[in-house]
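Trainee: My questions will all concern the structure given below.
We did not get these values from a lab; they are worked out from the coordinates using the rules stated. The structure presented is a predicted model; accordingly, all values stated were derived computationally and were not measured. Cβ placement follows ideal geometry from the backbone for every residue including glycine, while neighbour counts extend to all protein chains displayed.
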Amino acid sequence: MESTPTPSRSNLSTSVPPTPKSAALRRSLRLTSSASRSPAPATTVAVDNLDTPRSTRKTKRSLAMTTNTKRIPKHARFHKQTDMENAKAMLLLATLPKSLPCRTREMEEITAFVKGAISDDNCLGRCLYIHGVPGTGKTMCVLSAMRNSKFEVDAGVPLRPYTFVEINGLKVASPENIYKVIYEALSGHRVGWKKALHLLNERFSNGSGVHKDERRPCVLLIDELDLLFTRNQSVLYNIFHWPTEPHSKLIIIGIANTMDLSEKLLPRISSRMGIQRLCFGPYTYQQLQEIISSRLKGLDAFEEQAIEFASRKVAAMSGDARRALEICRRAAEIVDYQLKQSLLSGRSSSSIDNSFGGKQLVGMIDIEDAIHEVFQAPHIQMMKTSSKLEKIFLVAMVHQLYRSGLSETTFEKIVDRPTHGHLFPSREYVQAQWVYDCINARIILPTEGYLVGRVPPAHLSPFVDNEAE
Ligand SMILES: Nc1ncnc2c1ncn2[C@@H]1O[C@H](COP(=O)(O)OP(=O)(O)OP(=O)(O)O)[C@@H](O)[C@H]1O
Ligand SMILES: [Mg+2]
C-alpha cells in the first residue's frame, strides 16, 4: 500500500495500493526531472538572437543556462548548519519527530483497534473516539499508527488491504460538505453533498455502485469531530450509523477536544458511537521534558535546566506539547539571532553570559524571554484584560467563524444566531438586547426583564442622560 495525498484537496488524504498508472507517473516524473537537467532548454534558444555577434551570443546562452538551472548559491550550499540552526528546525511543529515518546500505550491501543477492525470479516460498527486537550498528540499518534501499519504491510506483514481516508472537520466549509469529501475519497468522483449523501447511503446499505475489488475496509479518520455538530445532529448520526450498515466496511476514528461529546449527543447517536474511548491527558513536566529532549538529541543547543524550566511552565498552564515546542523554538531563535549579531559585529556580546565551552546555549533567561513574548503579545493582553461580557462576545465570534468556515462575520450574525433546539433547565435564555444594555450600563443587569418572549425594557442610548432630559 502507498500513501498518496490527493493533490486537489488539502483536507483529504487517501492510501491506495500502487497502480500501474502511478508507476507510469513516477517513471514520467523521473524522465521529466532528467530532461530538466539537459543543458539545452527551449528558453535558451529564444535568447539566442541571430543579429548578435557570436561571442555575445555565447555569453548570453551560458547566462541563460545558468539562470535556468536555478543553482543554490555557493554560500548556502557550503554553509554548515550549526547546532542552534538544527535545533530550530527540529523544534518546528511541522517537523516529523523520529519517535513519539510518552504515547506508547495510546499508539498500541490505536494500532490494535485498527488491526482488529480490519481483520474482522464484517467490520461492523467499529468506532473509536479519541479525546483530550489541545497539543497532546492525538492527531500525530493516529497518523503515526497508520504510517507504521503501512510500513508493516510494505515489509510483508499479512494484513488485509484497506483504504485510509483522513478528513479534518475544520477544513470542510460546512458539516454537510463532509459527505462530498468522503464520497470523493471513496469513488474519485466529485458531486454535490446531497447527491453524495444519497450515493453513500446506497453504497453502504446495499453495496450498489461498488466494484467487487473495491470492497475493502476503509479507515475513516475524522479530526475535529465536534465541529460537525449541527442543530439536528444529522451529520454525526449518519457518520456513526454507516459502520453498522451491512456493506459499509467502515472503521471510524473520531478525534475531538470535547470530553463529554457523547453526553451532548442524542442517545441514538451516542449508542452508535460505542464505548471505545481513548483519552489523551495533558502532559506532565517530565513528559514534556522528554519530548523536547528527544527532538534535540545529539544537538548541543540547550541547557538542561532551560528545557526543564520550559516544561514546568507549560505543564503548570496546559500540558500542551505544541506550546512547549513553540516556546523552545522561539528561545533558540533569540539566541541564534544574538550569536549571528555578535559574529557580525566581531565582538562577543555582553548579553551572552551563558557560554559553555566557547558556545552559546539556550538558557533559562532565553526561555523566560520567549515565554514573555508568547504570552505578552498585544492580542493576548487584550483578551486577558477583557471583561466577562467581552470574552463571551469573542467566544461567540470564534464559534460563528468555525460554523461558517469564513474568516469574517457581521455583528448581527453573532448576536442573532438561532438557539439550540433543546433548552437546558439550569440556564436562563435572554434576548440579545441584554448584552448591549449590560455593556452600556457596565454591570451585569438582572435577566428577568430580558427573558425570551418578554417585551424588553426600552433600549436607551448610553450617550444621553435620561434623568436630565
Ligand atoms: N509525544 C510526542 N512526541 C513528540 N511530539 C509531540 C508529542 N505529542 C505532541 N507532539 C507535538 O505536538 C504538536 C501537536 O500535536 P497534535 O497535533 O497531534 O496535537 P492534538 O492533540 O491533535 O492537538 P489538537 O487537539 O489541537 O488538534 C505536534 O507538532 C507534535 O509534533
Ligand atoms: Mg489534532
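Trainee: Taking the Cβ-Cβ separation of Leu445 and Val395 as r and a Förster radius of 25 Å, what is the calculated FRET efficiency to the nearest 0.05?
Mentor: My answer for the efficiency is 0.80.
Trainee: For segment 276-299 and segment 79-118, write down the distance between their C-alpha centroids in whole Å.
Mentor: Cα centroid of segment 276-299 versus Cα centroid of segment 79-118: 10 Å apart.
Trainee: How about segment 211-269: which chymotrypsin sites (Phe, Trp or Tyr not before Pro) there lie in a loop by DSSP and see at most 12 other Cβ atoms within 10 Å?
Mentor: Of the chymotrypsin sites (Phe, Trp or Tyr not before Pro), not one in the loops of segment 211-269 has a Cβ with at most 12 other Cβ atoms within 10 Å.
Trainee: I need Val335, Val133, Val464 ordered by Cβ neighbour count within 10 Å, fewest first.
Mentor: Neighbour counts put them in this order, fewest first: Val464, Val133, Val335.
Trainee: State whether segment 110-163 is rounded, prolate or oblate according to the following rule on the C-alpha gyration tensor (a ≥ b ≥ c being the square roots of its eigenvalues): a/c under 1.5 gives rounded; otherwise a/b larger than b/c gives prolate, and the remaining case gives oblate.
Mentor: Judged from the Cα gyration tensor, segment 110-163 comes out oblate (a/c at least 1.5, b/c at or above a/b).
Trainee: Sticking with this one: Using the Cα gyration tensor of segment 92-230, with a ≥ b ≥ c the square roots of its eigenvalues, what is the shape: rounded (a/c below 1.5), prolate (a/b larger than b/c) or oblate (neither)?
Mentor: Verdict is oblate for segment 92-230.
Trainee: Would you mind checking the pairs Lys138/Lys297; Lys195/Lys264; Lys264/Lys384; Lys138/Lys171; Lys80/Lys150 and listing those with alpha carbons more than 27 angstrom apart?
Mentor: Lys195/Lys264; Lys264/Lys384; Lys80/Lys150
Trainee: Rounded, prolate or oblate: which one fits segment 384-450, using the alpha carbon gyration tensor with axes a ≥ b ≥ c (rounded when a/c is under 1.5, else prolate when a/b beats b/c, else oblate)?
Mentor: oblate
Trainee: Need one number: nm distance between label points at Arg216 and Lys388, each 7 Å from Cα along Cα→Cβ, rounded to one decimal.
Mentor: So the label points at Arg216 and Lys388 sit 5.6 nm apart.
Trainee: Tell me, how many Å apart are the Cα centres for segment 361-378 and for segment 201-255?
Mentor: Each part's Cα centre sits 45 Å from the other's.
Trainee: Here is a follow-up. For segment 156-299, take N as its residue count and report Rg(C-alpha) divided by 2.2 N^0.38 Å.
Mentor: Dividing the Cα radius of gyration by 2.2 N^0.38 Å gives 1.24.
Trainee: So, in nm, how far is label Asn257 from label Tyr429 when the simple model puts each one 7 Å beyond its Cα toward the Cβ?
Mentor: Distance between label points: 2.6 nm.
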